Amino acid sequence: MVLPPAVVDALRCSVCGEPVELADRALRCARRHAFDLAKQGYVNLLHAKVPSGTADTAEMVAARAEFLGAGHYDGLADRLVARVTTSGLVLDAGAGTGYYLARVLAKEPRATGLALDVSALALRRAARAHERLGAAVWNLWEPWPVASGSVSVLLNVFAPRNGAEFHRVLRPGGSLFVVSPRPGHLRELAAVADLLEVDERKEERLDNVLGGRFEPVSKEEYTERLTLSAMDVRRAVMMGPNAHHPERLKRLDDVREPLDVTASFVLQEYRKPPSRP
Ligand SMILES: C[S@@+](CC[C@H](N)C(=O)[O-])C[C@H]1O[C@@H](n2cnc3c(N)ncnc32)[C@H](O)[C@@H]1O
Ligand SMILES: [Zn+2]
C-alpha cells in the first residue's frame, strides 16, 4: 500500500514546510527530514507528543468501526456524499477510520482522499478503507503539513475545527462540509450510562470559528430513529468521549434489550470565497 501521488503532492514536511517525495517507503524533503510509512500504510508526520486523552483508544476505534459498519449512520453518509462533487483532493480533518471519506471516494472516481487524524490506530483502518485514500497522523491544532490551496473539498465530521487551517488549505471556491450532533442526539443513551453533558452552544461556536472566512452555502438538519442492539448501545457509548471515563459506564453492563434512540445531526456546507483578481 502506498500513498496516492496527489496526496504526496499536497503533503509538506512537518519540520520545515518543504515539499516531500516518496522513496523507499518514506516521505523525504530536500532538507533530508524523513517520515517512514507504517507497514499498515499510513505516515506519521508528528514530531511532538499529543496531550494524553486526545486520541481515541483501540477500544474506541473498534467500537466506532463496528457501529459505523452496522450501517446506523448510512443515512448521514448518503446525505453528505450526495452533496460532494469533485475530481480533486478531499481532505477529511479528524477522519477516524475513514468511513465518510471512503464513501465520498467511491462516488467520485477521479478524486483522491487525505485522512488526517491524531489516532494512528484509527488511521490503520482508514489506510485500508479505499485505494485512493492516503492517511497521515497529525494534530489538527498545530499548523497542518498540507500545501496552501491544495484541497478541493474539506470534510469535518464530529471532529476538531481549526478554522484558520481550513481556510489556508482550501483552494479558492473550495467547499467545506461540517457535520455536528444536534442537541438531543442519542439522548436515550443517558438512561443506560452516566454521559458527559453535550455542549448546547456548539453551533454558535462553529459560526465564530468559521464566520468571516467562509460563505454559508447550505444547512440541513436531520433527525432519525435508530434501533440499536444491546451491543450497538455499548458501541455508541464507547465510541465517544465517555469512553475516557470508565466510572460513567458501569450501568452499561445491565443493557440486554435493543434500544430505540434518536440520531440528530446538522450538516453544514460552506464555501471559501473565490480569490479576487
Ligand atoms: C468522534 S471521532 C470522529 C471520527 C470520524 N470523523 C467519524 O465520524 O467516524 C473524532 C476524531 O477526531 C480525532 N481527533 C481528536 N482530536 C484531534 C486532534 N487534535 N487532531 C487530530 N485528530 C483529532 C480523534 O482521534 C477521532 O478519530
Ligand atoms: Zn523538511
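The values are calculated or read from the model by the stated rules, or taken from the named source; none is laboratory data. All values derive from a computational prediction rather than experimental measurement. Please note: Cβ atoms are built from the backbone with ideal geometry, for glycine as well, and neighbour counts cover all protein chains shown.
Contact annotation: residue pairs with Cβ atoms under 6 Å, 6 or more positions apart or on different chains, pairing a residue in the stretch 219-238 that is more than 15 Å from TYR73 (Cα to Cα) and of a type in the set (Gly, Ala, Ser) with a partner that is modelled with pLDDT under 95 and in a loop (DSSP other than H, G, I, E, B), are ALA230/VAL255; ALA230/ARG256.
Any idea how many residues of the stretch 35-50 are loosely packed, with under 14 Cβ neighbours inside 10 Å and either within 18 Å of ALA115 (Cβ to Cβ) or hydrophobic (A, V, I, L, M, F, W, C) (or both)?
Final tally of qualifying residues: 3.
Taking the listed residues ALA30, ALA23, the one that is within 16 Å of ligand 2 (Cβ to nearest atom), surrounded by fewer than 17 Cβ atoms within 10 Å (Cβ to Cβ), over 28 Å from SER175 (Cα atoms) and without any contact (Cβ under 8 Å) to a residue 12 or more places away in the chain is ALA23, with no other qualifying.
When ALA63 is tested against the conditions (1) without any contact (Cβ under 8 Å) to a residue 12 or more places away in the chain; (2) more than 16 Å from ligand 2 (Cβ to nearest atom); (3) hydrophobic (A, V, I, L, M, F, W, C), the lone failure is (1). Here the stretch 126-141 is the region considered, the condition is being more than 16 Å from ligand 2 (Cβ to nearest atom) and of a type in the set (A, V, I, L, M, F, W, C), and the residue that is surrounded by the fewest Cβ atoms within 10 Å (Cβ to Cβ) is TRP141. PRO216 meets the stated requirement of being free of Cβ contacts under 8 Å to residues at least 60 places away in the same chain, in contact with a strand residue (DSSP E or B) (Cβ under 8 Å, 6 or more places away or on another chain), surrounded by fewer than 16 Cβ atoms within 10 Å (Cβ to Cβ) and not aliphatic (A, V, I, L, M). Filtering the stretch 100-119 to residues that are assigned to a helix (DSSP H, G or I) and either farther than 16 Å from GLY41 by Cα or touching a residue at least 40 places away in the same chain (Cβ under 8 Å) (or both) leaves TYR100, LEU101, ARG103, VAL104, LEU105, ALA106, LYS107.
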